[in-house]
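The values are calculated or read from the model by the stated rules, or taken from the named source; none is laboratory data. Fair warning: this is a prediction, and the values are worked out from it, not measured in the lab. When we count neighbours, we look across all protein chains shown, and the Cβ atoms used for this are built from the backbone with ideal geometry, even at glycine. Keep in mind that these areas ignore ligands, DNA and RNA; they rest on the heavy atoms of the full protein, side chains included. Shrake-Rupley method; radii C 1.70, N 1.55, O 1.52, S 1.80 Å.
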Amino acid sequence: MDRRVGLALLAALLVAGGAVPLSALGLATGEGTVSIVTESTDAAGWASIEVHSSVPGSVVSINQVAASYNSFSNGYIPPGGGYTTGIDAGGVSYSIYQNTALSPGGYIIGVSAPGYYKREIALVLSEKTKYTFYFTLAMISGTLDLSVAPEDAAVSVDGRAVAPGALTLPVGEHTLELRRFGYTDRRIPVVVREKERTRLSVALEPAAFSVSRLVASRTAFNPANAGLFGLVDLRFRVESFGSATLRIEDEKGEVVTRTTFAAFDTWRQVYRWDGRGADGRPLPDGTYRAILEATAAPPPAAGSAAGVMAAPIVRETTLRIDSALVIRPRGSLSAIPGLSLFPDPRGQPGGLSSTDFTWIGPLAAMQSPSFALSGVGALSDRLDIGYAAALEDLSSPSGGGDLALSFRLGLWENSAALPSAGALFLRGSWSSASAPLLPDAASAVEVSLPLSVGLGPFSLGAAPGLRLGFSSSSVEPYFILRNGLWWSASAFRVGLSSEMGLGWANGTLAPAWPLGLGFEVRALLPPSPLEVSALALSQLSPSASPAFDVGLSLGLLF
């Protein structure tokens, strides 16, 4: 007799004689395991069940009719059930089915899932009792006995790493992948049949020795820059065992550095060069040749003369050291590239971008902060575009927001004994905040001419300009003067900046208070491209006590 038919007959008997004790039950079919836990309830006339399955997405059946995920498909399934999902202590998800409105009597409870054997159990459900079932389904599987050579080859089945040996796999077709440095990759389809053992032995073939192009992470760099921006990576790829030497020559053919790759044991090879000589100082500007000579070697287990090439493979590329490619920390708050209130007329090398996330709040009311996202992108050595977006005073429903967009066009930049630079700066902004914390967060358009001169590590700058402020009723033009003083090194910038409006009063040019002041400290974190900064802002006026805002920023230079 079919065991499922037997279960159905037993269920009918249980319905007819519902007094059979639970301890006398336990007839089950299918592979896997099931355990039951009972507890008393107050639901007179009803029994309830909670079915847990080890496989997410399992389908529960009652009296061999599946319980639909949306509703019960026919009248044989009692109403009131539903599915949910849980997470066990190990973080593994599982399926749960619950039904609290079952009439007492005999039932067959089953669980099934694609790729697993169905498991069923027959028992009597008593009123005022909750039954919790824990089904562990058995996968419909077979065994793959796998051996590989070499034994330390990396093996994966369907993209999942496995160890060679006896592998229990679901029935069906699988993709076997094998990789080992120095050998040719293999990809093999494998069919696993139910409850059968398949034996497979795979030997990888030694790979031919080859070397890819020698590629530099950047074609030009300045060793005086901080962290990753003062380094260049020379990369290449090999396919088999061997060794190599890499030398870098200047324009006269003299070797400035040399390194050895003693024995290749992986595909990707990298040499990081700092562009400095034996004395630790940056080498002179110019073009340098990187020359790689790679020679094959036999596999470690082979004879000493096996597979060795007579002539080395040569690869080369060129690099340029350029001390004009100066990368320094600078901010972007309010779409002003440089200091918080002064746009630096010197740009960054073309293609370089930075972005900042800034928290800023009143020193006297730190619970009312604002948050800003800003950045600057160098479209070329002369042209920058800046942006900023901010949410003001998140503690208030009427806090508002700010937007700003700016352009910096470099006019000149020299590095003579007295370095100087000049640029044209355009900026437009809009704000819906009644009292914005971000500097220059107002509805206005500005054009200014930032100028700077360098005195060793110090720089001094001024930016006279014109601003048009927009309100609901008028357009207000006035002059603006920005100033900056900062000390800059390869990984640090400390600066003081100011901003003052100038208007006509009684026929003379007079300050339009308040005077904005900003102090900031910014640092790169070598060798990462991360930047951190701290700043303090204040508005000074003869008729009011000064108020201070403080902020912290985390940036990324890329």
Which ones in region 514-545 are part of a strand (DSSP E or B) and among the small types (Gly, Ala, Ser)? Gly516, Gly518, Ala523, Ser533, Ala534, Ala536, Ser538, Ser541, Ala544, Ser545
Restricting to region 372-387, and then to whatever is open to solvent by 60 Å² or more (accessible area, probe 1.4 Å) and either more than 12 Å from Gly351 (Cβ to Cβ) or basic (Lys, Arg) (or both), can you tell me which residue is nearest to the chain's Cα centre (by Cα)? Leu373
On the basis of being open to solvent by 40 Å² or more (accessible area, probe 1.4 Å), of a type in the set (S, T, N, Q) and within 30 Å of Pro282 (Cα to Cα), does Ser353 make the cut? no
Hey, can you tell me all the residues within region 228-269 that are touching a Ser or Thr at 6+ places or on another chain (Cβ under 9 Å), free of Cβ contacts under 8 Å to residues at least 40 places away in the same chain and of a type in the set (Val, Ile, Thr)? Thr259, Thr260
Single match in Ser533, Ser538 (criterion: in contact (Cβ under 8 Å) with a residue 40 or more places away in the chain, closer than 29 Å to Ala491 by Cα and polar (S, T, N, Q)): Ser533
For region 307-320, check the following and say yes or no: at least one residue is under 22 Å from Ala388 (Cβ atoms) and open to solvent by less than 60 Å² (accessible area, probe 1.4 Å). no
Just the residues that are touching a strand residue (DSSP E or B) at 6+ places or on another chain (Cβ under 6 Å) and not small (Gly, Ala, Ser), please, taken from region 251-265. Glu251, Val255, Val256, Thr257, Arg258, Thr259, Thr260, Phe261, Phe264
Taking Thr175, is it modelled with pLDDT under 95 and in a strand (DSSP E or B)? no
Here is a check on your reading of the model: is Leu525 closer than 23 Å to Ala372 by Cβ and open to solvent by 20 Å² or more (accessible area, probe 1.4 Å)? yes
For residues that are within 13 Å of Glu446 (Cβ to Cβ) and either without any contact (Cβ under 8 Å) to a residue 60 or more places away in the chain or among the small types (Gly, Ala, Ser) (or both), tally how many sit in region 476-501. 7
Per-region count, region 486-513, residues open to solvent by less than 60 Å² (accessible area, probe 1.4 Å) and part of a strand (DSSP E or B): 15
When you look at Phe548, is it assigned to a strand (DSSP E or B), open to solvent by 60 Å² or more (accessible area, probe 1.4 Å) and farther than 25 Å from Pro345 by Cβ, yes or no? yes
Are there strands (runs of 3 or more DSSP E) fully within region 91-160 with at least 1 residues that are charged (D, E, K, R) and farther than 30 Å from Phe181 by Cα? List them. 119-125, 129-137
Selection from region 34-70 of residues that are touching a strand residue (DSSP E or B) at 6+ places or on another chain (Cβ under 9 Å), modelled with pLDDT under 90 and open to solvent by 60 Å² or more (accessible area, probe 1.4 Å): Pro56, Asn63, Gln64, Tyr69
Mind telling me which of the residues Ala441, Ala390, Ala463, Ala404 ends up being more than 30 Å from Leu325 (Cα to Cα), open to solvent by less than 20 Å² (accessible area, probe 1.4 Å) and assigned to a strand (DSSP E or B)? Ala390
Scan region 172-205 for residues that are touching a Lys or Arg at 6+ places or on another chain (Cβ under 7 Å) and without any contact (Cβ under 8 Å) to a residue 40 or more places away in the chain and report the count. 4
The residue that is farthest from Gly377 (Cα to Cα), considering only those in region 412-431 that are touching a residue at least 40 places away in the same chain (Cβ under 8 Å) and open to solvent by 60 Å² or more (accessible area, probe 1.4 Å), is Ser415
Output the number of the condition that Tyr134 fails; it satisfies all remaining conditions of (1) open to solvent by 20 Å² or more (accessible area, probe 1.4 Å); (2) out of contact with any His (no Cβ under 6 Å at 6 or more places or on another chain); (3) among the hydroxyl-bearing types (Ser, Thr, Tyr); (4) over 30 Å from Ala296 (Cα atoms). (2)
